[in-house]
Structure formats: C-alpha cells, structure tokens
Ligand code: ZN
Ligand code: ZN
Ligand code: FE
C-alpha cells in the first residue's frame, strides 16, 4: 500500500504496527518521500479486512489523501517491522509540525490520580512540540531539546511498549522526568502568597498584570482581554496603537459568545494546528473594544498546549486572554527569558517560562474562512515544515520570498518546504532571523539549493541576500516579477501548469517598467506572463510615506479625477492647506512620487475620502476599516472606465464624491466601492476570456484577504462559468509568493532558461 497525506509525525506507523501485529500478520512499514509504504503478509481474508477498514485503524490526526493497493509476491515475512528511516532524504517529513494537545492527553490531565494530572507538558505520539524543539534529523528525543530530560522508568516502559499510545513518543515526559515551569518578576509591585509559578501567573493575570508566557514557538504577551484599561496599557507599552490583538478563549462555547462561528470556522478552530481564526464579532461581547479597534473581525484561538488549558482552569480567570507574539512591533518573537529580560521587561510585569528550550521560533498561524473554505493569512505554527506538492519537479530551489510578511521556500523534487512566518525583512533583526532560519531549514531538511530565485525588486533585502548566496555558492540566480509570482503561487498550490487569467489585487510589487504594480490582470503560466490590463497609474506623493498616510492617495486619485482645486476642497477638513499645497506640488515630481497601479492604495484613497482613516499604524489598516464599515446588504455599485489596457478609477472617485454630496451613508458608499472592484475583476476576466478563450482565473494579492470582496467576486465569476482558483494552503498576501517563485524557477530550469525576466507587453 502506498499512502499519501498527513501520514508522518502523527503516530501513523505505531498505529499500523498495533493493528497488523494484533492480527498476526507480517510485513513492514516505511516512510518515503511521498508518504508511507506498507506491506502486509498474511491470510487473504485478514489482509483484505485490514485494507477494507484501513481508515478505521489509522490515528485520529492522520489524513489519507491517496491510497494505492497492489498485490505483491509472498516474501515469507513472519514479523511486522517498523523500518526506521536512515536518512532524511527517505522522508516526506523529516520533522513533523507542532500539534495541539490531543483529547487523550487532555483526559489524563483532568483525571485525579493519573500521574499526569495537571501536568503542563503532557504530550504523546500525536501531539505537542516538534519543529520548534528540533535540533537535527531525524526527529528523535536525542536530536531535540527534550534530550535534557532523560525518561524515568515509568515513562521508558511506555516508550518501549508497542501496545502503549506513547510507543516511540519522542517528546513524552511526566512530572518526575520532564521540564518544569519557572516565574520571573520584572515589577517590584508584584508580591504573591504562592511559590507555584502557575498559581503566581494566574493571580497576576486576574489582578490585571501583563505577562510573558512561553508557548510552543515562542513567548506570548498575555493579559485580560475583557478590560479596556489593561489592553490600552499593553498597547502603550508595546507602541502598537491599533493593530488587532489575537485572543485565546477556554472553549468553543466561549467562542460562540464572542463571535458567530460557522461550521467551517469551527473546524479550523479545532483542527490539530489550532490557528488564530478571524471571525465576525457579536455585538455586546465581553471582549474590550480596543482589542480590535474599528474592526468587525476578531482573531480567536483555543488553548493548544496543556499549560494554556491549566491557565483557564481557574474560577477567577477572565473568559478571554490577549495572546499576542512577544516582541517589539514586528521583530522576531522572543523565545528565551534572556531576550525578554534584555528587551521587553518594560512591556511585561513578569514571565512564566519553563526549561524546555525552543530552538525554532514560530508564530501562530492565522486563518480566515471565505468563499466556502479556509484561507490562510499566515501559515506558520502547526503547518511548518509540512511540504506543499508542486506541479513539477527538478533541482532544489531556494526562493527568497518578498519583503513584508516574508516566508521563504526550499524545494526537493516536487516538494516545497515553506518556512515559518519571518515578517518584515526590512527590519534588521528580522533580516538576521531570515538568514539564520534559512541555514537552519536547509540543514534540518538536508537541502542544498542548486538554484536561487528572488523578486525583481532591486532594493528588497531578500534580493540582496539571494545575490550574495548565489555569488558565494556559484549558483544560478533567477528573478521573477512580484505579481507573476503571486499568480504562480495560486497555480502551484492547485498543481496547475496551464495558462490562466491571473488577477493580482495587491498593495505593492516592483513592475517590469519600474512602476509600483498592484492592480493587475495577467495572462500567465509558470513560464511566462503577459500584462493584459491594470489599474491606471497615479503618483504616490512622497513614495513610501503615502502608504502610511492614505490622505496622500486620496489627494492623488481625486486630483486625477476632478482636478487639484476640487481635490483640495474635498480634503480640506482632513489635510491642512499648507500640507495640501505641498503634496499637490509633489504629485508632479516623478522622482518623489512613483507611479502606482496598486489596488490596495485605491482602497486607502477611498477610506481617507470617506473619513474612515487618514493615517495608519499597521499595514492594510485603512482597507480593513473600510471593509468593516461596509453595509453588506447594499448591492449597487460604481463603474471603472476601460481604455486599451488601462482600468480607470476616476469615474469611481467622481461617483463617490456625488454620493458624499447626497449625504449617502458611508457604509453604503463603502459597500458600493467593494462591489465596484468586484465587478471590475469580473469584467477584466470577461475581456481576457473573449480574447484568449481562457476560463481559469487565479486570484492572489493582499487585497484578496478582504472577505467582503472575495465573497462577492468568487460567486460572480462562477456565475459566468469561470473556474476560480483561490488560495487554500498558502496566504494570498506576500506570505505566499515564495511558493510561486519556486514553481517559476522549476518551470524555467525545465525549459532550459537560466535567466530572463517577466515579459510585459
Ligand atoms: Zn496527546
Ligand atoms: Zn517520566
Ligand atoms: Fe504582493
């Protein structure tokens, strides 16, 4: 039997071992690069019985995607053996991802008298930390940071017993032999009766203190999420005025009190990777307003470690705790107590740590659910380093990704291993984190890249790094345009190599004409890419600064639509006259105001014009707040203009001004604008189909995280018989472009192209 799916790192081989040996059959089970190879020898009826009921004998966390059964000649195999993989190359998954505590381990923790009752490090074969504590391959106790905790006799007996559910559980331990909690105070005001670190932390939280708590992939900053004063203290200390904070709640019941939870969202919340799930808040819920200011969506997750569960296991605990990455702004998440002591002791009052060392930092994953399925916003803990299968194979590629929300990819054959979330690599600490993670990843996966691919942007730190590595190792360096990579990532994920219509609605990506692209209709496959339509260019007054001040984009779009005087008049309540004049002056100076076709910047302009948001403190804030106010019941829309390859937003801006004059509710205007963009996407696809006959549409780009927009656009495209490909496994934002880059590199190497860029016509 050849089995593909999630079949490694979930206790697959021990489960099969038990099922086969209990039926007195022989054979072997072996991990392979594609999954698992299983041979069973025994009486026909018994073997048939195992095959027929196969899905019943696999562990609860395994997932079988493909099962091929063949008859082979008898080999007289009396015993059944688990063949341990000798080298990493034999393995689909040399190191499994970290997984949420399983039900059996929860039950033990809640059983008085059980030797693991209330044990904060309870794990078994199918749950607990893995990637984050892995030092080397294959994943084993001696190659992880659990090597500091030799098994006690009771644990060793379980570990060695094939009948036990902890047979070969590399991270298992118990209160006698495992790690322990510790507490550090950073504030003199703190004094406690207890000496138990967990009890102290609970007491500190209920008293309104802000703590660092060590999780799987790093520390979280945590505090009472129901108290506005504490959340605002946290925001002050962290210098994070608006960016939404994720929260953790004890159970699904509490989730439902706070948000409306659809069955799809529930499945995500309770999945073994336990991501943060963005869901719509219910009015009057107990979570403080300033946890996600001006947003409808709230990011919730369920407890995923034994310690998290113990936290909530206390009557005075608030029903929701802020659980945000322990770092300063966008720096790497802290993994050690010394990092907190050195850099973050002014943010947190105390830290609940433990002596199980984290080696590979890994932030929480974030998902949303739209267009009928899950959409990753950040693919990290619980998924890394599980591979994504590419539609083609070739030499090992290192794809360095983009600049914001960076992840990178390393390939082996047709498998692409994406790194955990690295973040904004223009930050020096993140750039170091990137480099270190690349080296760790490449050694953990035993992969030496044979070619490198990066973005076309000359100033991305990832471009510079790609150049340096290519130089040092004398490897071919390829480059691919940002939105071609976005589109290719959608193709790669769906394992398609055909030409498609690529719609990339995005914030910013370097174009082949050196302009800043981001509202693109492409005709593309993995090898080539042609720009069919794009949102017409407007200047970004002051360049990058326009990203942080949506008012600048409003002035730019309005000036193009209604002229500078009218634009000034419209914006006079929001922008001082002096500044307005200065910005209008800048508009004409190409060296200070690069041209952009960005769809994200158009959302910014509309948000500023509607008085929703004038300056932002986190990426995408204006667009998120615009989405949040939109009245979903509104169906009418505005029209873009179409001329040659240009899509003009000016008629949309004019119509919005008219609606403002008519005192139309901004909620209606915001909805009409979303509808207009959706209609524009459908129109663009229609035009390309009539020219090319193509009917597959690959959606991508950061704007495609907008739930309202996607929920309008996908059904509208499907109603016109388009086959719509949306991202389900890698984020539509820049967190996914490394996958597209890797696929493009393989296509080019396969085609014999060593260099060359994306063609634009
Ligand atoms: Zn378990
Ligand atoms: Zn033990
Ligand atoms: Fe992008």
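Some points to look at:
- Net lengthening on full extension, residue 392/residue 229 (0.36 nm per residue, minus Cα-Cα): 53.3 nm
- Least to most buried among 195, 222 (fewest other Cβ within 10 Å first): 195, 222
- Extension gain, residue 72 to residue 193, is 36.8 nm, computed as 0.36 nm per intervening residue step minus the present C-alpha separation.
- Cβ-Cβ FRET estimate between residue 329 and residue 53, R0 fixed at 51 Å, reported to 0.05: 0.45
- Residue 176-residue 585 pseudo-label distance in nm [points 7 Å out on the Cα-to-Cβ vector]: 7.9 nm
- Only Cα pairs under 8 Å and 6+ residues apart enter the sum, and on that basis the relative contact order of the stretch 59-179 stands at 23 percent.
- Stretchable slack from residue 544 to residue 341, in nm (0.36 nm times residue separation minus alpha-carbon distance): 69.7 nm
- Pairs of Cα atoms nearer than 8 Å and 6+ residues apart set the relative contact order; for the stretch 605-693 it is 30 percent.
- Inter-part distance, the stretch 469-503 to the stretch 1-65, computed on C-alpha centroids, equals 37 Å.
- Legend: calculated FRET efficiency, residue 2 to residue 728, from the Cβ-Cβ distance at R0 = 22 Å, rounded to 0.05, equals 0.35.
- Spin-label pair residue 474/residue 721, simplified geometry with 7 Å Cα→Cβ offset, distance in nm: 5.6 nm
- DSSP bridge pairs, the chain: antiparallel proportion in percent, nearest 5: 70 percent
- The simple spin-label model puts a point 7 Å past each Cα toward its Cβ; for residue 270 and residue 206 those points are separated by 2.9 nm.
- Contact order normalised by residue count of the stretch 501-548, Cα under 8 Å, 6+ apart, percent: 27 percent
Only the coordinates and a few stated rules stand behind these numbers; no lab work does. Small disclaimer: the values here were computed from a predicted structure and weren't measured. Every residue, glycine as well, gets a Cβ built from its backbone with ideal geometry; the counts of neighbours run over all protein chains shown.
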